[in-house]
Amino acid sequence: RAKTLRTWLEYLQSTDRLAVIEKQVHLEYEIAAVAKKLDGRKAAYFTRVEDYRVPVVSGICSTREQFAEALETDQFGLIPKFTDAVNSPLPCRQVQNGEAPVKENIVLKEIDLMRMFPIPVHHEKDSGNYITAGLFIVRDPVTRKQNVSIHRLQVSGKNRLGALLLPRHTFHLYKQAEEAGRPLECAIVIGVDPATLLASQASTPFGVDELEIAGALRNEPLEVVRCETVDIDVPAFAEIVLEGRILPHVREPEGPFGEFPKYYGPKSDKEVVEITAVTHRNNPIFYTIVPAAYEHLLLGGIPREASLFQTVRQTVPSVKAVHMSSGGTCRYHAIVSISKRNEGEAKNAILAALANSFDIKHVVVVDEDVDIYDMEEVEWAIATRFQAERDLVVIHGAQGSKLDPSTNEGVGSKLGFDCTVPLNSEPMRYLRIRIPQYDEIKLEDYLK
Ligand code: FMN
């Protein structure tokens, strides 16, 4: 059901989770506003966007359950399945143009992105139209391994995009190319299945191809096809591919842009991508992610949870589960449950979690009886099991997220809450109240 964007949308429709919007909508704000109103409930499929013939879809996976469904597992299987895929990637299967729907149309001349595709404006102070959901693929010229990530892309000209490349793998390969005076070839892939989308966000060591993780998540090799003007392989069943190169020694204004923490990332001079070719399926569907919508938050959160779980387990083997909560933008707040066997383990779990990612700012560690997906339960644990004098961990002056406006250029404080019950406490003191028969009683029997 989730092999391509199209089959996934059909599946959503058959289960009443696709809102088909036939009313004509504007690129500016209206798509984002309607999609955001449906956030966490239904995907929004806009059939009439201004005078464009291309429809727009947003919110294709906006709950944890939907991602689990796309991976053919349940909420509890989601992190183990993602972890297994990261640990055992599956090589892609190369196909020829004839077998690749994304080659049904090949445009090599007179590229004008805004004329071809309905690329929306999302937030009030955004600097313009943005591609927010393109898988950005580059290749390491030495190992020939590809790297996949998502970068916000401002439409700066007919075939020109401004990109935000935070200092990770894409940026590293670009700097290498720039130092040698060369552009870095890239492909931007819009409209793939949810598993491939999620795989793009894996936190992997440098050198791991996220398309191979996509294959492992899909339980079969991902079919890829070579681009027309660059040496890059792209998913053969994608809706749209933009081929291009990141230019060396060129920086142009980009931003401001509404980001995942629900504030704007600032305007500055950034890297520039020049588009050299566009290929797309017949009747392509344009896919956009509304920044800070659940889809955006979960895409970052689920792979982060997989990586966080592994890091904490190295220090505290009794870790039960981890949750990056949406109120913490699925990046800044980590809730960790452990089955405490030794006093002090919760503090070690806090230190391990903070070391996992510079984005993590506040960590709450609870006992396994607390449902870490229920934030009321987590707050209850903070309220009744935590004393700042003995249970608080504070570290000042650490590296955090530059997009967190309360930091000083990304430098800020980290906090840990040990909300576990002391092992030697008198049993009655922390015994949860419980009404016998509560679980067995069926309300219908009493309301007849
Ligand atoms: N990372 C950036 O560096 N710049 C961005 O503009 C950016 N935008 C994103 C938008 C969305 C919707 C999502 C889900 C993620 C975005 N990210 C962005 C995060 C990266 O795609 C992500 O951290 C990725 O795993 C980095 O891969 P890499 O370490 O292989 O380079």
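Below is a table of values for the structure above.
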quantity	calculated
Residue within the range 330-347 that is within 15 Å of the chain's Cα centre (by Cα) and polar (S, T, N, Q) present	no
Test: residue in the range 245-252 that is within 16 Å of the ligand (Cβ to nearest atom) and touching a residue at least 40 places away in the same chain (Cβ under 8 Å)	yes
Sole residue being over 12 Å from Thr279 (Cβ atoms) and modelled with pLDDT of 95 or more, chosen from Leu242, Leu217	Leu217
Residue identified as touching an Asp or Glu at 6+ places or on another chain (Cβ under 9 Å), surrounded by fewer than 22 Cβ atoms within 10 Å (Cβ to Cβ), farther than 27 Å from Arg226 by Cα and outside the structural domain of Lys320 (by TED's automatic domain parsing) among Val95, Val121	Val121
Some residue of the range 117-129 being within 29 Å of Phe206 (Cβ to Cβ) and within 14 Å of the ligand (Cβ to nearest atom)	no
Candidates Lys402, Lys340, Lys347, filtered to the one that is of a type outside the set (Asp, Glu) and modelled with pLDDT under 95	Lys402
Sole exception among (1) under 30 Å from Lys37 (Cα atoms); (2) away from the ligand (no atom under 12 Å from the Cβ); (3) open to solvent by less than 10 Å² (accessible area, probe 1.4 Å); (4) not small (Gly, Ala, Ser) for Val290, by number	(2)
Filtered residues of the range 257-277 (kept if buried (at least 16 other Cβ atoms within 10 Å of the Cβ), within 13 Å of the ligand (Cβ to nearest atom) and within 29 Å of Glu110 (Cα to Cα))	Phe257, Lys270, Glu271, Val273
Qualifying residue in the range 298-314 (condition: among the hydroxyl-bearing types (Ser, Thr, Tyr) and more than 12 Å from the ligand (Cβ to nearest atom))	yes
Pairs with Cβ under 7 Å, 6+ apart, first in the range 20-35 and over 12 Å from His123 (Cα atoms), second outside any strand (DSSP E or B) and among the β-branched types (Val, Ile, Thr)	Val20/Thr47; Ile21/Val34; Ile21/Thr47; Glu22/Thr47; Val25/Ile31; Val25/Val34; Ala35/Val290
Selected residue (criterion: farthest from Leu198 (Cα to Cα)) from residues of the range 14-26 that are surrounded by 15 or more Cβ atoms within 10 Å (Cβ to Cβ) and more than 23 Å from the chain's Cα centre (by Cα)	Val25
Residues (within 16 Å of Gly328 (Cβ to Cβ) and polar (S, T, N, Q)) located in the range 389-405	Ser401
Where His396 falls short, out of the listed (1) surrounded by fewer than 22 Cβ atoms within 10 Å (Cβ to Cβ); (2) under 19 Å from the mean Cα position of the chain (by Cα)	(2)
Check on Thr229, polar (S, T, N, Q), assigned to a loop (DSSP other than H, G, I, E, B), surrounded by fewer than 24 Cβ atoms within 10 Å (Cβ to Cβ) and within 16 Å of the ligand (Cβ to nearest atom)	no
Selection from the range 157-211 of residues that are within 14 Å of the ligand (Cβ to nearest atom), open to solvent by 30 Å² or more (accessible area, probe 1.4 Å) and outside any loop (DSSP other than H, G, I, E, B)	His169, Phe171, His172, Lys175, Gln176
Candidate set: the range 32-82, residues that are within 15 Å of the chain's Cα centre (by Cα) and of a type in the set (S, T, N, Q); chosen: the one most open to solvent (accessible area, probe 1.4 Å)	Thr63
Matching residues in the range 134-156 - criterion: being open to solvent by 30 Å² or more (accessible area, probe 1.4 Å), of a type in the set (Ser, Thr, Tyr) and under 25 Å from Leu108 (Cα atoms)	Ser156
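The values are calculated or read from the model by the stated rules, or taken from the named source; none is laboratory data. Worth saying up front: this structure is predicted, and the values here are computed from it rather than measured. Neighbour counts run over all protein chains shown; Cβ positions are idealised from the backbone, glycine included. When the accessible area is computed, the model is the full protein with side chains, heavy atoms only, and any ligands, DNA or RNA have been set aside. Shrake-Rupley method; radii C 1.70, N 1.55, O 1.52, S 1.80 Å.
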